[in-house]
Amino acid sequence: MSDVRIIGILGGGQLGRMLSAAASRLGLRCHIYEPCAAPAADVAYRLTNAPYEDEAALRAFAESVDVVTYEFENVPTSALDLIESIVPIRPNRRALAVSQDRLTEKTFLNEIGLTTAPFADVPDQAALAGALAGIGAPSILKTRRLGYDGKGQVRIADAAVAEWTGAPSVLEGFVDFTAEISVIVARGMDGQVAAFDPGLNVHQGGILRSTTVPCGLPGRVTTDAVLIAARIAAALDYVGVMGVELFVTPQGLVVNEIAPRVHNSGHWTQAGCAVDQFEQHIRAVAGLPLGDGKRYADVVMENLIGDDLARLPDLLRAPDVQVHLYGKGEARAGRKMGHVNRITR
Ligand code: AMP
């Protein structure tokens, strides 16, 4: 059905770990490439522990696998170029390029007719005053690249006292949203699309705290959200699972950002669906048919961050709770150590 036997994964964090576990259930092997500590290596077939600048290691990695995917979108372009000269990368380079840079991302989303926060390019500190004159306050200044979990962001309440991020940025108008939701959508090599139900997300300090399904919003909103995600996937000729984060406003849905990979807000699918987001991604990049995304349970996913791990004994005793731990050593503040999926119905 598919010639793929070994999948290369760039990045060895918890997403790579859960992708490897899902691949093994389908009889496939994963080879992880990770420069630092790799929780994924515990459950993977092979690990290459080398920097993204090590051409010999990258070449050997690419030659040992049938396809390469990633759990982390900030892989250097030079590493991707080398890998792609040897083996296909899925999702494709365009999806990566668009989502690596907030300016490119927002421009692309507007070009395909989707609404984003109003934004302005702020290449350097000197350009900030002009951007603020157009966008106004409150607003959020975000670095174009390498921001995640709220890092690289400055909230501007008063245009007169705006801090600088220190790197090329975009200034975004503040969206007065009523809720934050996300859609996890998958697209197969044949163009087949399957979406999971949108989840309601709660963030704290820029980090995802919980995702709840069903999200409690009217059907017209959830249908719109799924159609938006499918439109993005089709426009990128995407193969794999993608997370699309949206703000719900009285005027309609506003796309916040896209992640070209499995997404934290899709972890609930492990307890809610026959084929979870990890298996769905593996199926897509391996050229296998997708699961249909149907949800069988109501689920609340909660991240275990830092010393949340102290609650582990209670969580393990609680009924209807699925515990996932990532095997990371030290429970530092803000570090995602695991998550729980609580089946609520
Ligand atoms: P991001 O890194 O872009 O996902 O931003 C992290 C969180 O900051 C989001 O989940 C929102 O809660 C909040 N946020 C980001 N951008 C905006 C915006 N333009 N307006 C209002 N809140 C925002």
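The figures follow:
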item	result
HN-Hα J in Hz across the stretch 337-345 - Karplus 6.51, -1.76, 1.60, θ = phi - 60°, x for Gly and Pro	9, x, 8, 10, 10, 9, 7, 9, 6
Mean Kyte hydropathy of 1.0 or more with a Cα span along the axis of at least 18 Å, helices from DSSP in the chain	219-235
Rule-of-thumb Rg ratio for the chain [Cα; 2.2 N^0.38 Å; N residues]	0.98
Rounded accessible area per residue of the stretch 179-343, 1.4 Å, Å²	37 Å²
Whole-angstrom gap from the stretch 79-107 to the stretch 177-203, using each part's C-alpha centre	20 Å
Extension reserve of the residue 2-residue 146 stretch, reckoned as 0.36 nm per residue once the Cα distance is removed	48.4 nm
Accessible surface, 1.4 Å probe, highest first, among residues 202, 175	202, 175
Label-point gap, in nm, between residue 50 and residue 234 - each point 7 angstrom along Cα→Cβ	4.2 nm
Rounded Å value of the spacing that divides the Cα centres of the stretch 119-137 and the stretch 223-278	29 Å
Carbon and sulfur %, accessible surface of the stretch 16-62 computed with the full protein complex present, 1.4 Å	48 percent
The stretch 118-173 - Rg (one decimal) and Dmax (whole number), Cα, Å	9.8, 27
Within the accessible area of the stretch 201-345 (1.4 Å probe), percent carbon and sulfur	51 percent
For the stretch 243-323, fraction of C-alpha pairs farther apart than 14 Å, in %	72 percent
Farthest toward positive dipole pole in the stretch 6-89 [+1 Lys/Arg, -1 Asp/Glu at C-beta], among 87, 45, 26	26
Residues of type lysines that residue 151 reaches as a straight line, Cα spacing below 26 Å, ignoring anything fewer than 8 places off in the same chain	106, 142, 328, 336
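The values are calculated or read from the model by the stated rules, or taken from the named source; none is laboratory data. Just so it is clear, the structure is predicted and the values come from calculations on it, not from any experiment. Glycine gets a Cβ as well: all are built from the backbone with ideal geometry, and neighbour counts include every protein chain shown. Note: accessible area is taken over every heavy atom of the protein model, side chains too, but ligands, DNA and RNA are not part of it. Shrake-Rupley method; radii C 1.70, N 1.55, O 1.52, S 1.80 Å.
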